Amino acid sequence: MILSVRDLKVSFRTNDGLVRAIDGVSFDLEESEILGVVGESGSGKTVSLLAVMGLITDPNAIIEGSIRYKDRELVGLPARELRRLRGNEIAMIFQDPMTALTPVYTIGWQIAEQIRAHRNISKAKAMERVEELLAEVNFPNPHEAMSRYPHQLSGGMRQRAVIAMALSCNPALLVADEPTTALDVTVQAGILDLVRKLRATHKSAVVFITHDMGVVSELADRVMVMYAGRVVERGTRTELFSDPRHPYTRALLGSIPPLTGEKPRRLPAIPGSPPSLLRLPQGCAFGPRCPVQYEPCVADKPDLRGGTHAAACYRVAQA
Amino acid sequence: MIDSPILETRSLGKRFSIGIRFSAEGKRTVHAVDNVSLTVRRGETVGLVGESGCGKSTLARCLVRLYDISDGQLLFEGDDITSKSLSELRPLRRRLQMVFQDPSASLNPRRRVGDLVAEPLRIHGKLSSREITARVAELFDLVGLQPDHVMRYPHEFSGGQRQRVGIARAIALNPDLVVLDEPVSALDVSVQAQIVNLLADLQEKLNLTYIFIAHDLSVVRQVSTRIAVMYLGSIVEEGPAEEVFAAPAHPYSQALISAVPVVETTPNGMRKRIILTGDVPSPLNPPSGCRFHPRCPIAVERCRSERPELREYRPGRKVACHFPTT
Ligand SMILES: Nc1ncnc2c1ncn2[C@@H]1O[C@H](COP(=O)(O)OP(=O)(O)OP(=O)(O)O)[C@@H](O)[C@H]1O
Ligand SMILES: Nc1ncnc2c1ncn2[C@@H]1O[C@H](COP(=O)(O)OP(=O)(O)O)[C@@H](O)[C@H]1O
Ligand code: SF4
Ligand code: SF4
Ligand SMILES: [Mg+2]
Ligand SMILES: [Mg+2]
């Protein structure tokens, strides 16, 4: 087991009250496994990952629960220790590649520095390695690319440079937060290929966050669907996509227009919009938008029930 | 006159000059839209697709004359409006509207949404304030907002509701043609479908013609009757939406459509994917011959020197390629 998260809760004290961003999230991740996390904006995807990485610095944040990485408890670990882990074994990629790059240095220099910060090798050796890495992420001309500044690269090339940087430490765990959301589908296809390759050649475990059901269905081994800070359904890719059980998962899949075959005259839309985390209903958070809500849903929040394929819904528990 | 063109472009082009005036290279020109000839018929929805930077928004802005046109002609109901002055355009403005991606950026945060929707009515219309109030109520009802929402401010709304406000503004003056530039791209997946349905309802009720831009290809397919695929400023393929998606003729359209991730319910049902090597070239320095040749999997010598014209190879289907799949 690479990563084991138990009952993670993150809240933020704000002027308007307590924002319960994450309310009891648990999951496990094995070596060379890709976990896809899907949910709409505000469902808590980013916050849960930042919590796992020890990157929530907001003094108003309250973090509870347990995060075990290779049998080490990360909650409460000193910042310095966490930083070491992040550079050595855990790599991250974000939606905006510029969060990981500095505009003032060439990408070759930046990746080489990253390597040298964690390994005791000469500058020349590091540069050789950079060229290999850039070739690995499909830069057509890696040698030439090393001398480029970030602004001289397209968005897709920048994201690939960040992936090269992530690869440089042979990460046991790669955490990717919507890394392709800002990219064209043609470029996205190449990045998804790279993530698959990384898993195959480096045996990295991957947590891949996206709001795109198509992306998870093509990439992930296991999937976790989030809504309003909770996991509403989880399962293997096949379980989740061939037998979606939670009304939210079903509705979300139903509202995606098809790319082939007959066009529906109207799309089956979900009414309303995601709830404010400041005013969550007492019962099921999806209740106000749920087509099959009934009495039990209003009183208490449903727990996630089932084996590998589990859903948090009273209707599903009954069946 | 079902089939008469409402809007037509003839070899339309838009150039931007950029660069440092006193540099050795002098001014440089970006050909953001290059030689586009497109006919839009009344009541249809033309979807524009293509990678970021290929010129979709620039073309859209030319079509509603938010940009001056550098080359070619723009015709509205057969009338050449390429170089009409702002005052000559005034009566037309009402009939040509545009909706943008980010609903919050286009709405003044300090104004109540009722005011925001009334604004175009005040500027253009000749309505009394009582009539304006009635029209605003009618528009709110049309786009699915509650009557008491008129007193709210934009920030009190969700993204989907703000886009409804943006749409209410655009249809306030009963336009004929609405250009929608990424109208659902900033919205949550669960809210996108609501807006897509709303746009379809409005089109039917108000007999609107749409030009629809989105980077989500399945959304474009859903709303469009016809689609035009753009690459580096030009249209490379055009045809009925469902036909083009089912059997794209241009190698670029094939790669683009094959790259869309779709939900597969069977474990081994993965579609064959064409992964393009190389990045979108810069329009500052476009490749010779066929603009797509450096990335085209089937390019041959001829493609490097000879640029293919967009031609109708079958009624209703156009392609710009020497070797289309037909
Ligand atoms: N005002 C401008 N000055 C100079 N160049 C411009 C200007 N506006 C657009 N361009 C250039 O014209 C080309 C087309 O841009 P445009 O915004 O139309 O692309 P797009 O297809 O809408 O892309 P996206 O999908 O990212 O919205 C790009 O190369 C862009 O950099
Ligand atoms: N520092 C913070 N203070 C208050 N609320 C926050 C803070 N960071 C995140 N949130 C809230 O937590 C919720 C979950 O956010 P996030 O994890 O970023 O969502 P996602 O990544 O799924 O779009 C949101 O409602 C967001 O506004
Ligand atoms: S618990 Fe009730 S309201 Fe929630 S998803 Fe299930 S049926 Fe719907
Ligand atoms: S003209 Fe040649 S390079 Fe261009 S798309 Fe066709 S085959 Fe490819
Ligand atoms: Mg996020
Ligand atoms: Mg644009």
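The values are calculated or read from the model by the stated rules, or taken from the named source; none is laboratory data. Since this is a predicted model, take the numbers as computed values, not measurements. Methodologically, a virtual Cβ is constructed for each residue, glycine included, from the backbone with ideal geometry; neighbour enumeration extends over all protein chains shown. Ligands, DNA and RNA are stripped out before the accessible areas are found, and what is left, the full protein with its side chains, is counted by its heavy atoms. Shrake-Rupley method; radii C 1.70, N 1.55, O 1.52, S 1.80 Å.
Overview of values
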{"quantity": "Contour minus Cα-Cα distance for residue A:88 and residue A:31 (0.36 nm per residue)", "calculated": "18.9 nm"}
{"quantity": "Equivalent ellipsoid, the protein assembly as shown (semi-axes from 5 times Cα gyration tensor eigenvalues, Å)", "calculated": "41, 34, 23"}
{"quantity": "R0 of 35 Å, Cβ-Cβ distance residue A:79-residue A:300: FRET efficiency to nearest 0.05", "calculated": "0.40"}
{"quantity": "Long-range HN-HN contacts of residue A:34 with modeled amide H, under 5 Å", "calculated": "A:206, A:221, A:222"}
{"quantity": "Cα-based equivalent ellipsoid of segment A:173-248: semi-axis lengths in Å, sorted from largest, via gyration tensor", "calculated": "22, 14, 12"}
{"quantity": "Area of residue A:58 that stays accessible when all protein chains are in place (1.4 Å probe, Å², to 10)", "calculated": "70"}
{"quantity": "For residue A:290, solvent-accessible area (1.4 Å; no DNA, RNA or ligand), Å²", "calculated": "30"}
{"quantity": "Ratio of the Cα radius of gyration of segment A:1-103 to 2.2 N^0.38 Å, where N counts its residues", "calculated": "1.10"}
{"quantity": "Carbon/sulfur fraction of accessible area - chain B, other protein chains in place, 1.4 Å, %", "calculated": "50"}
{"quantity": "Spin-label model distance (nm) - residue A:193 vs residue B:288, 7 Å beyond Cα toward Cβ", "calculated": "2.8"}
{"quantity": "Normalised per residue, the volume of the convex hull around the Cα set of chain A (Å³)", "calculated": "153"}
{"quantity": "Total accessible area lost when A and B pair, probe 1.4 Å, Å² to nearest 100", "calculated": "3600"}
{"quantity": "Solvent-accessible area of residue B:87 with every protein chain in place, 1.4 Å probe, in Å² to the nearest 10", "calculated": "90"}
{"quantity": "Length-normalised contact order for segment B:190-255 - Cα pairs under 8 Å, 6+ apart - percent", "calculated": "19"}
{"quantity": "In order through segment B:134-146: 3J(HN,Hα) via Karplus (6.51 cos²θ - 1.76 cosθ + 1.60), integer Hz, x for Gly, Pro", "calculated": "5, 5, 4, 4, 5, 5, 4, 5, 4, 8, x, 9, 6"}
{"quantity": "Label point distance in nm, residue B:314-residue B:29, each placed 7 Å from Cα along Cα→Cβ", "calculated": "3.7"}
{"quantity": "Protein-only accessible surface order, largest first, of A:43, B:83 at 1.4 Å", "calculated": "B:83, A:43"}
{"quantity": "Under Karplus coefficients 6.51, -1.76 and 1.60, residue-wise ³J(HN,Hα) of segment B:295-306 in Hz, glycine/proline x", "calculated": "10, 6, x, 10, 5, 10, 3, 3, 5, 6, 10, 10"}
{"quantity": "Using a Förster distance of 22 Å, the FRET efficiency for residue B:119-residue B:77 (Cβ separation, nearest 0.05)", "calculated": "0.25"}
{"quantity": "Theoretical FRET efficiency, 1/(1+(r/R0)^6), r = Cβ-Cβ of residue B:305 and residue A:202, R0 35 Å, to 0.05", "calculated": "0.20"}
{"quantity": "Cβ-based charge dipole, segment B:177-326, positive-most Cα from B:315, B:198, B:289", "calculated": "B:289"}
{"quantity": "Size of electric dipole in segment A:35-101: Cβ of Lys, Arg +1 and of Asp, Glu -1, about Cα centre, debye, nearest 20", "calculated": "260"}
{"quantity": "Net charge dipole size for segment A:24-67 [Lys, Arg +1 and Asp, Glu -1 on Cβ; Debye, nearest 20]", "calculated": "200"}
{"quantity": "0 to 90° range, to nearest 10: angle between helix B:113-124 axis and chain B longest Cα axis", "calculated": "80"}
{"quantity": "Chain A - mean residue ellipticity at 222 nm from DSSP helices (-39,500 (n - 2.57) per run, n ≥ 4, rounded to 500)", "calculated": "-10000 deg cm²/dmol"}
{"quantity": "Mean Cα-pair separation over length for segment B:118-175, i.e. relative contact order, pairs under 8 Å, 6 or more apart, %", "calculated": "48"}
{"quantity": "Ranked order, A:263, B:14 - accessible area, probe 1.4 Å, largest first", "calculated": "A:263, B:14"}
{"quantity": "Nonlocal amide H pairs with residue B:111, under 5 Å, H built at 1.01 Å", "calculated": "none"}
{"quantity": "Whole-Hz ³J(HN,Hα) from phi, Karplus 6.51 cos²θ - 1.76 cosθ + 1.60, for segment B:150-164, glycine and proline x", "calculated": "4, 7, 7, 9, x, 5, 7, 10, 6, x, x, 5, 5, 5, 4"}
{"quantity": "DSSP H segments from chain A that extend 24 Å or more along their own axis, Cα-based, with Kyte-Doolittle mean of 0.0 or above", "calculated": "A:185-202"}
{"quantity": "Intensity falloff of segment B:27-164 expressed as log10 I(q)/I(0), Debye formula with alpha-carbon point scatterers, at q = 0.10, 0.17, 0.21 Å⁻¹", "calculated": "-0.47, -1.12, -1.30"}
{"quantity": "Amide H partners (placed H, <5 Å) of residue B:82, local residues excluded", "calculated": "B:74"}
{"quantity": "Accessible carbon and sulfur surface of chain A relative to its total accessible area, %, 1.4 Å", "calculated": "50"}
{"quantity": "Taking segment A:43-143 and dividing mean pair separation by its residue count, relative contact order in percent (alpha carbons under 8 Å, at least six apart)", "calculated": "14"}
{"quantity": "Dipole of the protein assembly as shown, positive end: most advanced residue of B:74, A:288, A:44 [Cβ charges, Cα centre]", "calculated": "B:74"}
{"quantity": "Dipole of segment B:133-230 [Lys/Arg +1, Asp/Glu -1 at C-beta], most positive-end residue of B:175, B:222, B:144", "calculated": "B:175"}
{"quantity": "Cross-link pairs beyond the 25 Å C-alpha cut-off, checked among B:14/B:84; A:45/B:272; B:56/B:126; A:45/A:263", "calculated": "A:45/B:272; B:56/B:126; A:45/A:263"}
{"quantity": "Within chain A: Cβ-based charge dipole about Cα centre, in debye rounded to nearest 20 (Lys, Arg +1; Asp, Glu -1)", "calculated": "220"}
